[in-house]
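The values are calculated or read from the model by the stated rules, or taken from the named source; none is laboratory data. Being a predicted model, the structure only gives us computed values, none of them experimental. A quick note on method: Cβ atoms are made from the backbone with ideal geometry, for glycine too, and the neighbour counts reach across all protein chains shown. Protein only, heavy atoms only, side chains kept; ligands, DNA and RNA dropped before computing areas. Shrake-Rupley method; radii C 1.70, N 1.55, O 1.52, S 1.80 Å.
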Amino acid sequence: MQYYLLACLMLFSVHVNAQIDSTDNYDYSKFGDAEGVKRYATQKVLNQTPQRILSMGYEYQGGFALPSVPLGALLPAFENFQVNQISAIRAQANIPVVSTNKLIWQMGANYWSSKYSIENVGTNSFASRLDNQSMITAGINTTIFKPLNEKKFLILQASADFNGIFKNFSDINGKALTISGTAIYGWKTSDKNMIGAGLSRTYRAGQILHIPVLLWNKTFNDRWGMELLLPARGHLRYNFSTTNILQLGFELEGNQFWMNLPNSQNGQVFIQRGELKPRIIWDKKIKGFIWFSAQAGLRYNWRFDVMNEYNAKEISQRYFTSNLGNPLYFNISINLVSP
């Protein structure tokens, strides 16, 4: 069912986000080239949503069921729990290191902390740890946009994240680390259209995947456009103006999280958490380069598998799996965007 949904999303979506910005209304393709000057492809299309340099946000997910949690590794007994809510703090930074017409290199950092509120956890070790500590992702990333000429470009991206439910700072270890990366080769056919294809190593669905990716940013006219980076996300964009933008689409996100669990098979487990979020997003300029963003939608449980091994995929390596309920959610953030 999940693979069917993923295929449908890739066919349905006509929207791309390459993390590039534009608030420029001019179509420079109408102007001729200066003689003797070599032109290079830029990393944006007209009217694209602005890139976030700094962002701080809060996310809330409503109540949902957390069924089929075992009492222990060798016990055939299971418990069902009710999660009242998830409250999350999300922060990110993307700082330009080099920005020329021949190369754009950015370094970034991200932080995502999810706090579960679970009713009546009792003596269940897994539910108790999930309720008492936060599920955290913290890491660094780098992105290189390299134009080869006026039409062709390369995008290289890599990230390293520590993910887990840590009681103390000393709990952070190598098995909480995940490495992701993407390479895309593309074509900038005009100031309104850029398309690319490549390969990605990703944990967005909660489990390690090596998959093809499609990037497609296109502006149809002054109002409508699309921003796609499939299968990770895709949005249809409507510009009320260059400083007031509405998007409709989805994002698939998640990672693998380490947890210390003494009563499990190996004394530790790995939570493969993947979430699909159909959503609507509103981005509005407040003043200068400060923007406000609000989004609302459904958090659909793509995967919540708890495994006994790092990067495990086999059923024999599974501690348990849970078919989480699917609540509504909202997210708000304040962002400093690039010019």
Subject >> Excluding exposed DSSP-loop GluC sites (Glu not before Pro) (at most 14 other C-beta within 10 Å), longest clean stretch of the chain >> reply: 151-313
Subject >> Pairwise FRET efficiency - H210 versus L248, Cβ, R0 = 25 Å, nearest 0.05 >> reply: 0.30
Original post:
Which whole-angstrom value gives the distance between the alpha carbon centres of the stretch 40-64 and the stretch 233-248?
Top reply: 11 Å
Original post:
Roughly speaking, what is the stretch gain from N266 to A160, that is 0.36 nm per residue apart minus the C-alpha to C-alpha distance, in nm to one decimal?
Top reply: 35.7 nm
**OP:** Once you've got the Cα coordinates, tell me which of K146/K188; K188/K218; K115/K175; K44/K218; K218/K277; K102/K151 are over 19 Å apart.
**Re:** K115/K175; K218/K277
Original post:
In the chain, carbon and sulfur make up what percent of the accessible area (probe 1.4 Å)?
Top reply: 61 percent
**OP:** Could you work out how far helix 2-12 tilts from the main Cα principal axis of the chain, as a 0 to 90 degree angle to the nearest 10?
**Re:** 20 degrees
Original post:
Rg and Dmax of the stretch 107-196 over Cα atoms: what are they, in angstrom?
Top reply: 20.0, 63
Subject >> Accessible area expressed per residue, the stretch 234-279, with surrounding protein chains retained (probe 1.4 Å, Å²) >> reply: 28 Å²
Subject >> the chain - mean residue ellipticity at 222 nm from DSSP helices (-39,500 (n - 2.57) per run, n ≥ 4, rounded to 500) >> reply: -1500 deg cm²/dmol
Subject >> In nm, spacing of pseudo-spin labels at M56 and N173 (7 Å Cα→C-beta vector) >> reply: 3.4 nm
Original post:
By the gyration tensor of its Cα atoms, with a ≥ b ≥ c the square roots of the eigenvalues, what is the shape of the stretch 191-322: rounded for a/c under 1.5, prolate for a/b over b/c, or oblate?
Top reply: prolate
Subject >> Accessible-area ranking of V121, V97, largest first, probe 1.4 Å >> reply: V97, V121
Original post:
What is the pair-distance distribution P(r) of the stretch 216-257, computed from all Cα-Cα distances in 10 Å bins starting at 0, with each bin given as a whole percent?
Top reply: 28, 45, 20, 6, 1
**OP:** Report the longest stretch of the chain that contains none of the trypsin sites (Lys or Arg not before Pro) sitting in a DSSP loop with at most 14 other Cβ atoms within 10 Å.
**Re:** 224-312
Subject >> Accessible surface, per residue, of the stretch 64-118 when the full set of protein chains is kept, probe 1.4 Å, Å² >> reply: 50 Å²
**OP:** May I ask for the equivalent-ellipsoid semi-axes of the chain, computed as the square root of five times each C-alpha gyration tensor eigenvalue and listed largest first in whole Å?
**Re:** 39, 20, 18
Original post:
In nm, what is the difference between 0.36 nm times the number of residues separating F240 and L298 and their Cα-Cα distance?
Top reply: 18.4 nm
